[in-house]
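What follows is a short report on a single structure.
The values are calculated or read from the model by the stated rules, or taken from the named source; none is laboratory data. Nothing here was measured: the structure is a model prediction, and the numbers come from that model. Cβ atoms come from the backbone with ideal geometry, glycine included; neighbour counts cover every protein chain shown. These area figures cover heavy atoms from the full protein model, side chains too; ligands, DNA and RNA do not enter into them. Shrake-Rupley method; radii C 1.70, N 1.55, O 1.52, S 1.80 Å.
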2 protein chains.
Amino acid sequence: MGKEKQVSVAILGAGGVGRCFLQQCSWIIPQYPNVSLVFLSRSNRSLRVPTWDHELSLDTWEKDLAASTDPAPSPQELLDWFGTTENEIILVDNTSSQDIAAFYPQFLKDQITVVTPNKKAFSSDLDLWKRIVDNAYPYNPDAGFLYHEASVGAGLPIISTLKDLLETGDEVQKIEGVFSGTMSFLFNNFAPVEGKGGKWSDEVSKAKDAGYTEPDPRDDLNGVDVARKLVILARMVGLEIESTSAFPVQSLIPTELESCSSGDEFLERLPAFDDEMEKVKAKAEEKGKVVRFVGSIDVARKAVEVGLKEFDKGHAIAGLKGSDNIISFYTKRYGSNPLIVQGAGAGGEVTAMGVSADLIKAIKDVHGWKKVR
Amino acid sequence: MGKEKQVSVAILGAGGVGRCFLQQCSWIIPQYPNVSLVFLSRSNRSLRVPTWDHELSLDTWEKDLAASTDPAPSPQELLDWFGTTENEIILVDNTSSQDIAAFYPQFLKDQITVVTPNKKAFSSDLDLWKRIVDNAYPYNPDAGFLYHEASVGAGLPIISTLKDLLETGDEVQKIEGVFSGTMSFLFNNFAPVEGKGGKWSDEVSKAKDAGYTEPDPRDDLNGVDVARKLVILARMVGLEIESTSAFPVQSLIPTELESCSSGDEFLERLPAFDDEMEKVKAKAEEKGKVVRFVGSIDVARKAVEVGLKEFDKGHAIAGLKGSDNIISFYTKRYGSNPLIVQGAGAGGEVTAMGVSADLIKAIKDVHGWKKVR
């Protein structure tokens with residue numbers, strides 16, 4: 001079965017998710033005697049093994065990387081280096097670099113297996129996505145494998161569940177849910193099922209202080225992050241979505257505040273627009289409903305939508321807690337009650353878990369799966 | 001990568017789940033040019049290819065099997081036959097036979113990959129479970145692979161999610177949920193969040209008429225089916241549970257009715273015990289709660305429990321619909337808000353989907369993964 005093959009793991013990125021991932025790797029990789037870490041990079045610094053039978057330390061990586069004077073290589077340089085070994089290579093891309101994503105087709109074609117939480121590779125232009133899929137296993141049977149569970153819902157089993165539904169021949173009719181931890185936190189507090197909820201601008205400030213938003217909260221409120229996740233899922237079910245601009249995405253940034261020069265200025269001026277959001281809340285409340293920021297894919301109508309929607313207070317989406325995601329798959333087999341996956345959809349630990357679960361599957365795929373007891 | 005290896009699939013059982021599975025296979029298997037069906041059995045009848053380069057028809061299997069005069073071979077005879085080929089073998093066991101389950105260790109040791117929804121293999125005595133796990137990949141690196149997603153929650157991603165949590169080093173603290181479609185249906189109707197609900201005996205009769213119970217409803221009401229699923233999950237998280245008798249399992253069969261000679265007699269006499277269940281419902285209602293039949297595993301306390309429990313009306317378990325299962329994983333990484341999977345946990349189509357998703361993974365594992373576009 002060729003199980004003795006050596007597997008070399010190269011990791012790009014050691015920021016928030018990357019750091020948690022390396023922590024998980026320091027527990028996972030030593031369990032597989034024929035798997036070793038051979039490359040690590042962060043910003044413009046990198047660390048690699050001198051020869052292919054060496055391995056980097058997962059205990060001292062941080063100090064070792066800080067002490068390195070090697071710059072980060074270009075994707076092409078990396079690919080050339082991979083070409084100097086017979087080992088199986090798994091490339092883990094924990095960056096959000098468009099340049100690296102654009103190079104996935106070449107990596108895959110050269111039998112490099114790619115594992116990544118990077119949404120950009122799968123939600124940017126359709127042409128790149130097609131080249132990635134066409135050059136990956138199984139469409140190219142001689143290519144590397146591709147795993148990106150954490151690109152939607154972090155560690156939640158979303159991509160794998162959708163794959164299982166599709167590959168076993170179920171007919172996916174609709175996917176709907178709360179895809180953003182930030183939006184979930186905001187609306188669960190702004191328009192709770194019980195109680196009145198806070199002022200919109202206060203909730204946005206609170207979310208920022210709690211670390212639930214990007215440094216500039218507009219990067220969450222514009223809806224693009226949710227739109228990217230929907231593009232990924234929609235393409236998987238067979239809709240050829242050109243980009244996130246190809247369907248309606250409701251932005252929660254008031255037009256007047258789009259040009260604010262900073263997130264701080266935005267937050268300062270946001271209270272002037274609280275009335276608008278209050279009206280949205282009141283309108284739902286009149287019908288006994290609550291408002292939530294959701295994304296949906298209607299497969300038959302080929303319609304993708306991102307924005308505010310009202311839900312009955314008994315609906316699973318209304319009852320969400322904290323910053324949880326919830327994703328419902330309506331399919332022919334599951335009928336009127338969808339298959340639902342719910343839980344934290346953001347955060348370093350759980351996102352890293354999505355990546356490391358993929359790494360374990362990739363190790364198995366490239367036949368390096370030989371675990372010590 | 002050895003992708004040209006031929007993969008031979010042998011299927012035991014063609015009843016409810018088995019029939020749906022074969023239907024799904026007729027769509028799946030033709031997509032893999034190097035995968036073929038070589039054996040099929042039902043009750044005491046079987047069908048096999050004359051030589052290993054033939055394959056059975058997935059279109060005419062029913063007629064062909066009915067016309068066959070070959071008896072079903074014993075597990076040992078089957079194993080001997082598998083020994084006459086170099087092909088990779090995937091054995092799909094859709095029976096609920098204890099004899100076949102008891103033979104899994106031998107199949108696995110001989111590099112046969114086993115795919116099954118059969119709970120018995122994993123929830124009967126601890127010794128059999130240990131021999132199965134010890135003789136399967138990865139603990140025996142030269143053995144066959146083992147997949148049993150559909151043994152808990154049918155097609156829902158329960159086993160695979162728990163595996164991912166454990167293998168990536170998360171600490172599972174508690175697993176709780178509604179594990180029986182029958183119990184879900186009964187309590188969602190008997191004690192709904194809104195409205196009064198029906199009489200207990202009426203709901204049991206309705207569930208039977210709708211096909212939601214076993215032919216004798218006592219086989220659902222005794223709680224053993226739920227207990228079996230908990231044994232499977234508890235052993236996965238490292239608790240050495242001897243059997244379903246090793247922890248408290250609440251039976252909903254009145255002691256006086258245990259000795260009824262038939263399910264029909266049981267149903268006739270059940271109304272006399274409606275008052276008892278009505279008291280249970282009223283007691284919960286006084287606190288603004290509803291009663292549900294749940295199972296739970298508290299990992300730190302090593303405590304497994306199956307029985308009635310009261311839930312706030314806003315709780316996800318209280319709000320379940322139809323015959324849905326819901327399983328919550330409380331872990332260190334996910335914190336106070338668990339990772340939740342919800343949806344139909346019983347039924348031929350969705351159970352078969354769990355098996356066929358496993359089959360696809362098994363095909364990939366044994367290197368037969370070469371899909372036509």
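Where only DSSP H runs of four or more residues are counted, chain A gives -10500 deg cm²/dmol as its mean residue ellipticity at 222 nm, each run worth -39500 (n - 2.57).
Inter-copy label distances at A:K279, using a point 7 Å along Cα-to-Cβ, come to 5.8 nm with the shortest given first. Averaging the Cα positions of each part gives two centres, and for the range B:1-74 and the range B:244-258 these lie 40 Å apart. For the range B:229-310, with all protein chains in place and a probe radius of 1.4 Å, 47% of the accessible heavy-atom surface sits on carbon or sulfur.
Taking Cα atoms only, the orientation of helix A:181-190 departs from the longest principal axis of chain A by about 20 degrees. Using only C-alpha atoms and all pairs of different ones, pull out the Kirkwood radius for the range A:246-306 in Å with one decimal. One decimal place: 14.0 Å for the Kirkwood radius. Taken about its Cα centre, the range B:269-373 carries a charge dipole of about 680 debye when Lys and Arg each add +1 at the Cβ and Asp and Glu each add -1 at the Cβ. Across peptide B:134-140, the mean count of Cβ atoms from other chains lying within 10 Å of each residue's own Cβ comes to 3. As an equivalent ellipsoid, the range A:201-263 spans semi-axes of 27, 14, 8 angstrom, where each value is the square root of five times an eigenvalue of the C-alpha gyration tensor, largest first. Based on C-alpha pairs under 8 angstrom that are at least 6 apart in sequence, chain B has a relative contact order of 23 percent.
Charges only on Cβ, +1 for Lys and Arg, -1 for Asp and Glu: so what's the dipole of the range A:70-185 about the Cα centre, in debye to the nearest 20? Using Cβ point charges on Lys, Arg, Asp and Glu, the range A:70-185 gives about 380 debye.
The modelled label-to-label distance between B:K130 and B:D275, using points 7 Å beyond Cα along the C-beta direction, is 5.0 nm.
Assign unit charges at the C-beta atoms only (+1 for Lys and Arg, -1 for Asp and Glu), then state the dipole size of chain A relative to its Cα centre in Debye, rounded to the nearest 20.
About 1060 debye.
Computed from the C-beta positions of A:L166 and A:E77 and an R0 of 45 Å, the FRET efficiency is 0.80 to the nearest 0.05. Of the DSSP beta bridges with both residues in the range A:1-80, give the percent that are antiparallel, rounding to the nearest 5. Rounded to the nearest five, the antiparallel share is 45 percent.
Compactness check for the range A:46-131: Cα Rg over 2.2 N^0.38 Å is 1.18.
Calculated FRET efficiency, B:S26 to A:R301, Cβ-Cβ distance, R0 = 35 Å: about 0.75 to the nearest 0.05. Gyration tensor analysis over the Cα atoms of the range A:126-232 returns equivalent ellipsoid semi-axes of 35, 17, 11 Å (largest first, whole Å). Here the relative contact order of the range A:188-302, from alpha carbon pairs under 8 Å that lie six or more residues apart, stands at 32 percent. In the calculated pair-distance distribution of the protein assembly as shown, the portion above 34 angstrom amounts to 51 percent of the Cα-Cα pairs. Candidates B:P138, B:A150, B:T168 compared by Cα position along the dipole of the range B:134-173: farthest toward the positive end lies B:A150, with charges placed on Cβ. For chain A, DSSP calls about 65 percent of its internal beta bridges antiparallel.
Only protein heavy atoms count here; under a 1.4 Å probe, B:M236 has an accessible surface of about 50 Å². Within the same chain, aspartates and glutamates fewer than 8 places from B:K5 are excluded, and of the rest, those with a Cα less than 16 Å from its Cα are A:D142, A:D365, B:D53, B:E55, B:E86, B:E88, B:D365.
For the pair B and A, the buried accessible area comes to roughly 4700 Å² in total, with a 1.4 Å probe and the value rounded to the nearest 100.
Each residue of the range A:157-174 was assigned a 3J(HN,Hα) from its phi angle through the Karplus curve 6.51 cos²θ - 1.76 cosθ + 1.60 (θ = phi - 60°); the sequence is x, 9, 4, 5, 5, 4, 4, 4, 4, 5, 5, 8, x, 6, 10, 7, 9, 8 Hz, with glycine and proline shown as x. The long axis of helix B:200-209 is offset from the longest Cα principal axis of chain B by roughly 20 degrees. For the residues of B:145-155, the average number of beta carbons from a partner chain within 10 Å of their own beta carbon is 1. Over chain A, accessible surface divided per residue gives 40 Å², non-protein components excluded, 1.4 Å probe.
Apply 1/(1 + (r/R0)^6) to the Cβ-Cβ distance of A:E285 and A:D53, taking R0 = 56 Å, and write down the FRET efficiency to the nearest 0.05. It comes to 0.25. Modelled this way, with points 7 Å down the Cα-to-C-beta line, the labels at A:E268 and A:L308 are 2.6 nm from one another.
Across the range A:272-373, the mean sequence separation of Cα contacts (distance under 8 Å, 6 or more residues apart), normalised by length, yields a relative contact order of 14 percent.
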